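The values are calculated or read from the model by the stated rules, or taken from the named source; none is laboratory data. Being a predicted model, the structure only gives us computed values, none of them experimental. Backbone-built Cβ (ideal geometry, glycine too); neighbour counts: all protein chains shown.
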Amino acid sequence: MPEPGPKPGPQPGLLLDIADGTATVTISNPAKRNAMTTEMWEALPRLLDGLASDPAVRVLVLTGADGTFCAGADISGLREAGSGSARTQDAAVRAEEALAAFPKPTIAAVRGFCVGGGCQLAAACDLRFAAEGARFGVTPARLGIVYAASSTRRLVGLVGPATAKYLLFSAELIDHERALRTGLVDEVLPDEQLDKRVAEFTAVLASRSQLTQAAAKEFAAPGLDPSRIEHWERQARASGDTAEGVAAFLEGRPARFAWSPTAG
């Protein structure tokens, strides 16, 4: 009988566990504080593609192994790549965009360092829950790297231009209190309570209407195509989820929503 717990993903360094409607992807490169290699960046979109089409998955949690979220890109790989480091930077942006475009709710569960590319991934999630003591930073200014325009805009949208400039100009780390105050994280918990809180919240999300969540996620993203509003209105009429939600509320029972991204 197979042992429970995270299983290897499509690339060493990414672990996957699916239980109770939640897919947990764990970044695991503990010898380098979970720094992302080029191969890990390239593997993440493939993993997300599979999870997006899996009807058993209703919520995604991204976290790190051994008390650290992610220390960013593996700098040794950048040095070895030389001019080919553009491959790593491009792969990091593609991974971030794939995470932001994931059609189901995503949560970053953050412990320890969430720096550079790690912060880039956390910012691409819909929500961020952090343990006390977590540290955050966006550090391309330490390396002379031009931070991607899409990543910069996402950071500005999350924390505002002043805080984004503070992080990008200085490459300094901020603590969990400042991260919470500036909107970089949504909740901060004592370390021993983080996993329980994330599990409770993902259970709530998994019980809610995926139709509502998918439409809200698209509407909240910049550059909304007006035709997509009509698309979601048609989906709502055809799905029957509104009738089910109202009936469940009036009858005092949990709703059984039928619509899913894989079917819709």
Quiz item: Just wondering, is there one or more residues in the range 209-222 that are under 17 Å from the mean Cα position of the chain (by Cα), without any contact (Cβ under 8 Å) to a residue 40 or more places away in the chain and in the same structural domain as G118 (by TED's automatic domain parsing)?
Solution: no
Exercise. Might you let me know whether the range 225-232 holds any residue that is of a type outside the set (V, I, T) and in a loop (DSSP other than H, G, I, E, B)?
Key: yes
Quiz prompt | Tally, over the range 15-41, of residues that are over 25 Å from S53 (Cα atoms), surrounded by fewer than 19 Cβ atoms within 10 Å (Cβ to Cβ) and touching a residue at least 12 places away in the same chain (Cβ under 8 Å) | solution = 2
Quiz item: So which residues in the range 216-227 are surrounded by fewer than 13 Cβ atoms within 10 Å (Cβ to Cβ) and farther than 23 Å from T152 by Cβ?
Solution: P226, S227
Quiz item: So which residues in the range 167-202 are closer than 25 Å to P254 by Cβ and either among the basic types (K, R) or not assigned by TED's automatic domain parsing to the domain that holds G133 (or both), if there are any at all?
Solution: K196, R197
Practice problem: Only residues that are aliphatic (A, V, I, L, M) and either part of a strand (DSSP E or B) or at positive phi (or both): list them for the range 137-160, please. | Solution: none
Quiz item: If you check T262 against the conditions, is it β-branched (V, I, T), at pLDDT below 95 and more than 18 Å from S53 (Cα to Cα)?
Solution: no
Quiz item: Restricting to the range 16-34, what's the tally of residues that are part of a loop (DSSP other than H, G, I, E, B) and touching a Cys at 6+ places or on another chain (Cβ under 7 Å)?
Solution: 1
